[in-house]
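Any read-out appearing in this document is the output of simple, stated calculations on the displayed coordinates, not a laboratory observation. Just so you know, these numbers come straight off a predicted model, no measurement behind them. Because the Cβ atoms are built from the backbone with ideal geometry, glycine has one as well, and the counts that use them run over all protein chains shown.
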Amino acid sequence: MYNPPHPGEALRLDVLPALGISLDALAAHLGYSARRLRQVVNCHAPIRAALAHRLELAGLGTARQYLAEQQAWSLWQARQRPHLPIAPLYQSSFTRPAR
């Protein structure tokens, strides 16, 4: 997938408006830090398992889905950063020998 969205975007753009509540109200309902939730919805912090679980308990999707979206976003970001070349450590036994 090309540049997947940060899962906090869905909370900010879809969930909060659909519920008609403020970020502070959602944080209070979840028993979660409003400051930390604000960092997540502004895409400055990842959704971690504890928050994903609380969102699931509140009926706002599954924890697994939030974590999968976070991993997709994080992996895409990592692939965009430059890094030194890394050679494979071994040859797969499933590759055909050169002829």
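Compute the distance from the alpha-carbon center of segment 65-85 to that of segment 41-61, in whole Å.
18
Could you work out the local net charge near ASN3, counting Lys and Arg as +1, Asp and Glu as -1, over the other residues with Cβ closer than 15 Å to its Cβ?
So the surrounding residues net to 0.
Picking from ALA63, ALA28, ALA45, which is most flexible by a Gaussian network model of the chain using Cα springs under 10 Å?
Maximum fluctuation in the GNM of the chain, among the listed residues, is at ALA28.
When all alpha-carbon pairs of the chain are counted, what percent fall beyond 23 Å?
Cα-Cα pairs in the chain separated by more than 23 Å: 38 percent.
Count neighbours as other Cβ atoms within 10 Å of each site's Cβ, and list the chymotrypsin sites (Phe, Trp or Tyr not before Pro) in segment 36-99 that are DSSP loop with at most 11 such neighbours.
TYR90, PHE94
Return, ordered by residue number, the residues of segment 24-49 whose backbone nitrogen is under 11 Å from a label point located 7 Å along Cα→Cβ of LEU57.
30-32
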